[in-house]
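Undergrad: Right, I'll just put the structure down here and ask away after.
The values are calculated or read from the model by the stated rules, or taken from the named source; none is laboratory data. Values in this document were obtained by computation on a predicted structure and should not be read as measured data. Using ideal geometry, Cβ is built from the backbone for each residue, glycine included, and neighbour counts are taken over all protein chains shown. Each accessible area value is taken on the protein alone, full model and side chains, heavy atoms only, with ligands, DNA and RNA left out. Shrake-Rupley method; radii C 1.70, N 1.55, O 1.52, S 1.80 Å.
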Amino acid sequence: MASNLAPHLRLMLVTDDRLVAGRDLLNLARSAVRGGVTSVQLRLKQASPRELLALARTLREALAVPVLVNDRPDVAAAAGTGVHLGPDDLPVDLARRILPLGTILGASAGSLEEAERVGAADYWGVGPWRSTVTKHDAGAALGAEGFRRIVVLASGRPCLAIGGVRPQDVPAVLAAGGAGVAVVSGILGVEDVERAAREYAERLGG
C-alpha cells in the first residue's frame, strides 16, 4: 500500500476552520487540486460529526484525489474516505480493525516516541517542520535534522513534512527523505489558492 500511496502524498492540503471560514470549501479544494494538490485532509475541529460526514462525502465525490478525515475513523468509514490520526486519537492498530480493508490510514509522528506507536500507519505526517500557528499543540519545531531522524524510523514508509512548511523548504524536505509536504496556511492563507498550490507543486517536481 505505502509504495502505491506515495504519489498521492506529494502535496497534501490540510483544511483549517479559521482559514476556510467564509469561503466555499469545495471550491477551495478544487482550486488547490488544479494547482497540483494530490490529496486533501479534512480537518475542521469546529464541525459536528454530521457536518464532517457531509463534507467528506462531497469532497470524495467531487475530487479526483484521495480525501482523508482528520481524527475520526468512524466518519471516514461512513464517508468512504481515508483517515489521519493524531497522538491523542484512537490508536492506529485499533482503528485498522474497524476501517474497511484498503482504507488509507495516516498518523502524526512529532517525536521519536510517537513514531514508535504509529508504525502500522500507511504514512506518517511528521512535524512541525517549523513553528506553526494553525496547530497550537504541535510541539517544538523539528527542522530538517529532527525530521530526518523520524524518517529513518519509518523504514521506507512515506513521510510528509507538516507545520509551517514553505515552498522554499521543499528541497530540504526531499533531501531529508520526505515523500512530500502537507500544507495548511501556505495554501489556504492566500487568496489565490490555485497559484499557491502550484508553487509547492512545481518545487516538488509536479
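Undergrad: Which one of SER185, SER131 is within 17 Å of the chain's Cα centre (by Cα), modelled with pLDDT under 95 and under 29 Å from ARG34 (Cα atoms)?
TA: SER131
Undergrad: Within the range 34-53, how many residues are over 14 Å from the mean Cα position of the chain (by Cα) and either farther than 14 Å from GLU199 by Cα or not small (Gly, Ala, Ser) (or both)?
TA: 10
Undergrad: One residue is enough: does the range 156-165 have a residue meeting the conditions farther than 22 Å from LYS45 by Cβ and touching a Pro at 6+ places or on another chain (Cβ under 9 Å)?
TA: no
Undergrad: Residue check, ALA95 against (1) in contact with a helix residue (DSSP H, G or I) (Cβ under 6 Å, 6 or more places away or on another chain); (2) surrounded by fewer than 19 Cβ atoms within 10 Å (Cβ to Cβ), all met but one. Which one?
TA: Here ALA95 clears every test but (2).
Undergrad: Let me ask another. Going by the conditions given, is ALA76 open to solvent by less than 70 Å² (accessible area, probe 1.4 Å) and either outside any loop (DSSP other than H, G, I, E, B) or out of contact with any strand residue (DSSP E or B) (no Cβ under 8 Å at 6 or more places or on another chain) (or both)?
TA: yes
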